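S.K.: Have a look at this one before I ask anything.
The values are calculated or read from the model by the stated rules, or taken from the named source; none is laboratory data. Since the structure is predicted, the reported quantities are computational estimates derived from the model, not experimental observations. Glycine also receives a Cβ, built like all others from the backbone with ideal geometry; neighbour counts cover every protein chain displayed.
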Amino acid sequence: MFRRSLIALALAGSFFHVGSAAASVIVLDFEGAGNGVSLNNFYNGGTDGAGNSGTNYGISFGPNALSLIDGDAPGGTGNFANEPSPSTIMSFLTGTAVLNYAPGFTTGFSFFYSSSTAASVLVYDGLDATGNLLAQIDLIAQGVSNCSGDPTGRFCNWTPVGVSFAGTARSIDFGGTVDQTGYDNITFGSATPGKLPEPASLTLVGLGLGALLSRRRKA
Ligand SMILES: [Ca+2]
Ligand SMILES: [Ca+2]
Ligand SMILES: [Ca+2]
């Protein structure tokens, strides 16, 4: 489960860690979305799998993108801590989490992630992770090292990543390992995603979606 630890960040687009905040910024913090349900059209004038609605930004998600609430918060089962915007993140149990923005964006974007394995984020000029690959961001495993706080949660480290690319992007493929990689504060219009979190505790299971899935399978 702890396969990687010290692989350097690499990429085929341009990459910068933390820059300065911009004026008009959209932040997808996933707050208000359900626990272990598909995000679907939560940010697209529709609902997530539990019927919740967020702001309509015209942003939709592929079927694998799930919202997950921290187990320390009401209604949550997530096994994470120090998430940049409490208490909900995005993760996945199948494939990868794909974000679609049909009008396209050219300004770059940023996000926080926590992962126990290496992960990649891919940016495409077509919807549903199709068309030309505009950028690839390879992420190191950092989520579960020296954890404490929140008061519980195995995935306690959240790292901000900023991405720029040439062209017009219409989808982003947020990858990693199912139930081992989470994302939060996906930010458009700024190279700096939200705020930096604080430190948290160590246990030995996934982000919490696996337990949810096995419960569903039994049902
Ligand atoms: Ca929390
Ligand atoms: Ca927690
Ligand atoms: Ca959040």
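S.K.: Given the residues ALA50, ALA97, ALA81, which is the only one that is among the hydrophobic types (A, V, I, L, M, F, W, C) and in contact with a Leu (Cβ under 8 Å, 6 or more places away or on another chain)?
M.R.: The conditions single out ALA97.
S.K.: Would you check if there is a residue in the stretch 31-45 being within 24 Å of ASN157 (Cα to Cα) and modelled with pLDDT under 50?
M.R.: no
S.K.: Still on this model: Within the set of pairs 6 or more residues apart or between chains, which connect a residue that is closer than 18 Å to ASP29 by Cβ and away from ligand 1 (no atom under 16 Å from the Cβ) inside the stretch 163-189 to a residue that is in a loop (DSSP other than H, G, I, E, B) and of a type in the set (S, T, N, Q) with Cβ atoms less than 7 Å apart?
M.R.: Pairs found: PHE174/THR96; THR181/THR117; PHE188/THR107; GLY189/SER24; GLY189/THR107.
S.K.: Please find, among ASP128, ASP138, the residue that is charged (D, E, K, R), out of contact with any Gly (no Cβ under 6 Å at 6 or more places or on another chain), at pLDDT 95 or above and within 15 Å of SER110 (Cα to Cα).
M.R.: ASP138
S.K.: Please go through the stretch 56-72 and pick out each residue that is surrounded by 15 or more Cβ atoms within 10 Å (Cβ to Cβ) and either over 19 Å from VAL178 (Cβ atoms) or not aliphatic (A, V, I, L, M) (or both). Walk me through how you get there before you give the answer.
M.R.: Filtering the stretch 56-72 down to residues surrounded by 15 or more Cβ atoms within 10 Å (Cβ to Cβ) leaves 57, 59-62, 64-72.
Within the stretch 56-72, TYR57, ILE59, SER60, PHE61, GLY62, ASN64, SER67, ASP70, GLY71, ASP72 qualify.
S.K.: Something else about it: Restricted to the stretch 160-191, and to residues that are of a type in the set (Ser, Thr, Tyr) and either in contact with a helix residue (DSSP H, G or I) (Cβ under 7 Å, 6 or more places away or on another chain) or surrounded by fewer than 20 Cβ atoms within 10 Å (Cβ to Cβ) (or both), which residue is nearest to THR107 (Cα to Cα)? I'd like the intermediate steps shown before the answer.
M.R.: Start the filter on the stretch 160-191 by keeping residues that are of a type in the set (Ser, Thr, Tyr), which leaves 164, 168, 171, 177, 181, 183, 187, 190.
Those still in the list that are either in contact with a helix residue (DSSP H, G or I) (Cβ under 7 Å, 6 or more places away or on another chain) or surrounded by fewer than 20 Cβ atoms within 10 Å (Cβ to Cβ) (or both) too: 164, 168, 177.
Details: SER164: 7, THR168: 9, THR177: 28 Å.
Per the stated criteria, the residue is SER164.
S.K.: Shifting gears a bit: Which one of these does PHE42 not meet: (1) buried (at least 24 other Cβ atoms within 10 Å of the Cβ); (2) more than 14 Å from the chain's Cα centre (by Cα); (3) within 16 Å of ligand 1 (Cβ to nearest atom)?
M.R.: All conditions are met except number (3).
S.K.: Quick one: count up the residues across the stretch 87-125 that are of a type in the set (Val, Ile, Thr) and modelled with pLDDT under 95.
M.R.: Filtering the stretch 87-125 down to residues of a type in the set (Val, Ile, Thr) leaves 88-89, 94, 96, 98, 106-107, 117, 121, 123.
When the remaining residues are screened for being modelled with pLDDT under 95, the result is 106-107.
Residues that pass the stated criteria total 2.
S.K.: Only one of (1) surrounded by 13 or more Cβ atoms within 10 Å (Cβ to Cβ); (2) more than 16 Å from ligand 3 (Cβ to nearest atom); (3) modelled with pLDDT of 95 or more fails for GLY13. Which number is that?
M.R.: (3)
S.K.: Would you confirm whether any residue within the stretch 121-134 is among the hydrophobic types (A, V, I, L, M, F, W, C), surrounded by fewer than 22 Cβ atoms within 10 Å (Cβ to Cβ) and closer than 25 Å to GLY32 by Cβ?
M.R.: Yes, some residue in the stretch 121-134 is among the hydrophobic types (A, V, I, L, M, F, W, C), surrounded by fewer than 22 Cβ atoms within 10 Å (Cβ to Cβ) and closer than 25 Å to GLY32 by Cβ.
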